[in-house]
Amino acid sequence: MATVKEKINKDNSRSFEIRVSLGRDLNQKQLLKYYTWSPPPGMTQRQIDKALEREKVLFEERCKTGQVLDTQTRFADFAEYWLEKKKDTHSPAYQKRIKSLLVRINAGIGHLQMGKLQPHHLHILYDSLGEPGIKKNGSNAIAHGLAEMLKERRLTYVALAQLAGISDKTVSAACRGKGISLESANKIAHVLQLDIDAVFTVRKSEDPLSGKSVLHHHRIISSIFESAVKWQVIFDNPARRVEAPKAQNKEAAYLDDKQALEVVAALDNAPIKWRTIVMLLAYSGARRGEICGLTWDDIDFTNQIMRITKSNQYLPEMGIFEKGTKTKSSTRTIKLPIEMFTLLKKYGMWQMGERLKMGDMWQHTNKVFTQENGLAIHPDSITGWVAKFRESNNLPYFTPHSLRNLSKNKIQTFRVKVSKHGCSGSRKFGFLSV
């Protein structure tokens, strides 16, 4: 709660120092914010008292929401304020990623004041991130008897997912004894009003963070300090005086001609929707979210081009949602070979048949790739299908994102004969493992 101390200035005018406590740091030193308010001349005592109460409430609210910024502002408070200011420039998924990184960052330096943070504080933090056991997302939780619990409580997978704010696929995986994240396990246990140990067996990872992950933490910290300098909260960015953590570069593996032909041959026996998705990923180099965001208006059969203008993402708290492309340069037009459009036409006819089967239950989204009812396809479903396809056909490792990186790595050239597509063509093609 805010407190007030009256002061008499040299000119005999009155002012009031409003003080707000924000708790204590790790050394039990009280963290205080100050604001001096001077009443305008001519105000009565009653008017001063009323205005002062209003100033106290407003100042306390600004302190609690991180709107009062100076060198004494704690890093954690400033980071929260920074994240709010950047919400329109960051995608929801990236915002969530930053929040997850800030959990570790704030544990190390969140209690320190912005003006007192020095390079050695960051050195200590980066060293701690490289210690075994820090990698919480490497841990998982295995449920025991969860399916039976849900039956007893008459809860469906979908209902539990909605109450917990997670995907129904996560609930399904947990019920089948698959490992899920500790965060999701805690949410499920909270809904069931049980301790996590009563529902799950937690397996903790002893792996340290990779150099690449530590470097990502450093970049977020540096961005926060850069904004603090720009907004005149501090004079210098201490992260500039710290040597950035080094990420080990791993050479990406790729399939040779024979292996890639095996993948294409296996695709000939795959359902047409998934065959079209994988071939389009390979031919276009598009991200999986961009493929999920495609509408039929984006496909120009006459000029044989595809326009990338949007992307689909998924978050448990938001479901599947549409957003702009990752960067301005990601909005682009891609020229595709004739065989890809031949396959797209064949797929379009198949989709029309599925639409007629669904009748009034079909949702008119105009999306190229959809669920059974016409709604947008889940991005994770592409990754899941590719994994099953790869394993069931005993193929070398590749992922949807691997296909995007074709132009960035060594690419094998070979002729693709797409007999079931009714045409053949030649292009640079490769399936990479990253």
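Quick note: the coordinates plus some simple rules give every number you see, no bench work behind them. From a predicted model like this one, the values you see are computed outputs, not experimental measurements. A quick note on method: Cβ atoms are made from the backbone with ideal geometry, for glycine too, and the neighbour counts reach across all protein chains shown.
Computed extension length for residue 87-residue 45: 10.8 nm, one decimal, from 0.36 nm per residue of separation with the Cα-Cα distance subtracted.
Remark: the residue 107-residue 198 segment gains 30.0 nm on full extension, using 0.36 nm per residue and subtracting the alpha carbon distance. Modelled spin labels at residue 3 and residue 246, positioned 7 Å past Cα toward Cβ, are 5.3 nm from each other.
Full extension of the chain segment joining residue 349 with residue 315 gains 9.1 nm, where the gain is 0.36 nm per residue of separation less the Cα-Cα distance. Near residue 297: Cβ cut-off under 14 Å, other residues only, Lys/Arg at +1 and Asp/Glu at -1. The net charge is 0. Once the Cα atoms are used to define both axes, helix 257-267 deviates from the longest principal axis of the chain by about 90 degrees. Across the chain, Cα-Cα pairs more than 26 Å apart make up 69 percent of the total.
Charge tally around residue 221: other residues with Cβ under 12 Å, Lys/Arg +1 each, Asp/Glu -1 each, net +2.
Fewest-first ordering of 77, 70, 197 by other beta carbons within 10 Å of each residue's beta carbon gives 197, 70, 77.
Helical runs (DSSP H, four residues minimum) scored at -39500 (n - 2.57) apiece and divided by the length of the chain put the mean residue ellipticity at 222 nm at -13500 deg cm²/dmol. With both labels modelled 7 Å from their Cα along Cα-to-Cβ, the residue 329 to residue 297 distance reads 2.8 nm.
The trypsin sites (Lys or Arg not before Pro) found in the stretch 5-87 that occupy coil by DSSP, while having at most 13 further C-beta atoms within 10 Å, are 10, 29, 87. Cross-link pairs exceeding 21 Å between alpha carbons, from the set 178/326; 169/346; 323/367; 86/323; 96/187: 178/326; 169/346. Using R0 = 56 Å, the C-beta based FRET efficiency linking residue 393 and residue 32 works out to 0.30.
Once backbone amide H atoms are built at 1.01 Å from N, residue 209 has 131, 134, 135 as its partners under 5 Å, excluding neighbours fewer than 5 places away on the same chain. A compact globular protein would have a Cα radius of gyration near 2.2 N^0.38 Å; the ratio found for the stretch 1-46 is 1.50. Could you tally the net charge around residue 81, taking each other residue with its Cβ under 15 Å from the Cβ of residue 81, Lys/Arg +1 and Asp/Glu -1? So the surrounding residues net to +2.
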